[in-house]
Amino acid sequence: MIRFFAAILVGCLGVVSTASAEEARRYLGQGLLLTNDSFGDFKDRWRTGSIQASHVWGPTWSGQMPQRFGQLIELRWGGQVMAPASLSAPNPTDRPYAGALFAGLHTHFRRGAADMSLGTDLVMTGPQTGLDDLQQSLHDLLGVAGPSPGVRANQIDDGLHPTLVFEIGRDISLGSSATLHPFVEGRWGDETLVRAGADLVFGQVGQGALMVRDMVSGHRYRAVQPSFRGGGAGAWG
């Protein structure tokens, strides 16, 4: 199944390459966000850790999303581990252990003053991802307890979940030093949820950059820098 997941990534790259040839797209940039629950209170549970990466192609980047649907394409991939509050002696009513890998294509565009994005991911879940083995190895390396055999045996089953993701939001200026970005995001497939909130930005952070949203934390990170012209290194959020 790992080979199948790799084939999905290759297929996504093939779609992007074909589109690039047909519409003179070029590589505009990339972004990466790592999260780990232990960064905050040193307790490793629930949304325990994740990685999300973005690679973006388009004809150009002007500092804001294009008006046309499908003009700007993002290849998004990553993975996450979800776990009960205790990896050694979990409460039977707590959430089961789950590993998930995903890859998909998303497009970003504007309608009037609204920023919009629409995309689809294929999400692989279960022991077939190998994420339980990876987490165990990392915990062994750090000398801390990893998921117990009982936790791993009770993880969710192997599966492949087509997933649709949609977001709409807009920037509201609060003066020269702050911007408010209210948004609504919907996700259907591996999980069905609606996320609503607002990003409050002070200063020039993210000004003129393509900002994309992390599916686990809800935070945004830069996928294209405002001064990026294609070809070399990009923005790592």
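The amide H of residue 49, built 1.01 Å from its N in the peptide plane, has 37, 81 as neighbours under 5 Å, considering only residues 5 or more places off or on other chains.
Using 0.36 nm per residue and subtracting the Cα-Cα separation, the extra length available between residue 139 and residue 177 on full extension is 9.4 nm.
Taken along its three principal axes, the alpha carbon spread of segment 90-230 comes to 54, 36, 33 Å, from the longest extent down to the shortest. Using the Karplus relation 6.51 cos²θ - 1.76 cosθ + 1.60 with θ = phi - 60°, the per-residue 3J(HN,Hα) values for segment 106-111 come to 9, 10, 10, 7, 10, 10 Hz, with x marking Gly and Pro.
For segment 34-117, what is the Kirkwood hydrodynamic radius in Å, using each pair of distinct C-alpha atoms?
On the way: mean 1/r = 0.0649 Å⁻¹.
Taking the inverse mean of 1/r over all distinct Cα pairs, segment 34-117 comes out at 15.4 Å.
The ranking of 202, 183, 102, 69 from fewest to most other beta carbons within 10 Å of each one's beta carbon is 202, 69, 183, 102. Multiplying the residue separation of residue 192 and residue 64 by 0.36 nm and removing their Cα-Cα distance gives an extension gain of 43.2 nm.
What the phi angles of segment 196-204 give under the Karplus curve with 6.51, -1.76 and 1.60, with θ = phi - 60°, is a coupling list of 10, x, 8, 9, 9, 10, 9, x, 9 Hz, glycine and proline written as x.
Computed from backbone phi, the HN-Hα couplings of segment 141-155 come to 5, 8, x, 10, 5, x, x, 5, x, x, 5, 5, 5, 9, 6 Hz, rounded to whole numbers (Karplus: 6.51 cos²θ - 1.76 cosθ + 1.60, θ = phi - 60°; Gly and Pro given as x).
Bear in mind that the values in this text are calculations on the coordinates, not laboratory data. Since the structure is predicted, the reported quantities are computational estimates derived from the model, not experimental observations. Here the Cβ is made from the backbone with ideal geometry for all residues, glycine too, and neighbour counts use every protein chain on show.
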